[in-house]
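Here's the structure, in structure tokens; my notes come after.
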Ligand SMILES: C[S@@+](CC[C@H](N)C(=O)[O-])C[C@H]1O[C@@H](n2cnc3c(N)ncnc32)[C@H](O)[C@@H]1O
């Protein structure tokens, strides 16, 4: 359910029948404005994914955020270079917006500029890359989730953002959904910070507020860990403009 005064149940506690089973957060009121999508704010909470893509696909994201962004920016063409199960393509089909949708699983290497030769410039690009090696998507050596070091990941990820920038029409928008990553070897890797750094370096400007997407139904929310840490319950959608 989505509304300015919605109270939220923290999924971590909700999944455990403890005395703290329900923690409700009252969201701030939204200032009235002329947005065609008034519920689209910097805090995105939509527990239902919608009938888009395949929820069982690893790393699948719900389609409602994509739909709200498309309704807000109203592009006439969309490109999704890391499509996974095709969530963005399905949203575009519903909204009747032409969408070019590819993934490494169909042989399209989004980090290699040579693969962009036949791609039509688009007014909006939806990019949902691997959060480095948090999930391994395939054994292909050019899979971004297979990069062995942060340096290698960064170099290919920056090239990916460069490719997106080249494919974006002037005044078009690139939306990147990314989460920070942690493992024992690498420590805490601020991938959202790196996304902005690389996007700025390839000449993109930030368009608007970051959108903090609450991670409802993440598999990690159902696990029990033996260590103590501050759980991250969100990822971030960053929107950039090519001027
Ligand atoms: C987070 S998933 C995208 C999930 C998608 N948003 C969905 O809802 O199903 C990341 C995707 O990036 C793809 N990928 C990884 N490296 C790639 C590359 N070099 N070129 C294109 N796609 C790549 C993976 O195959 C995976 O499908």
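No value in this document is a laboratory result; all are computed from the given coordinates. Computed from a prediction, not measured in an experiment: that's the story for all the values here. Methodologically, a virtual Cβ is constructed for each residue, glycine included, from the backbone with ideal geometry; neighbour enumeration extends over all protein chains shown.
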Relative contact order (percent, whole number), segment 39-241, Cα cutoff 8 Å, 6+ residue spacing: 19
Rule-of-thumb Rg ratio for segment 68-179 [Cα; 2.2 N^0.38 Å; N residues]: 1.03
Residue order, fewest to most beta carbons within 10 Å, for 182, 198: 182, 198
Helix-only mean residue ellipticity at 222 nm for the chain, each DSSP H run of n ≥ 4 adding -39500 (n - 2.57), per residue, nearest 500: -6500 deg cm²/dmol
Approximate spin-label separation residue 55-residue 76, in nm, with each point projected 7 Å along Cα-to-Cβ: 3.7
Pairs of Cα atoms farther than 27 Å apart, segment 39-241, %: 25
Segment residue 151-residue 228, extension gain: residue separation times 0.36 nm, minus the distance between their alpha carbons: 24.9 nm
Global form of segment 121-215, assessed from the alpha-carbon gyration tensor, a/c cut-off 1.5: prolate
FRET efficiency estimate (nearest 0.05) - Cβ-Cβ, residue 207 to residue 29, R0 30 angstrom: 0.80
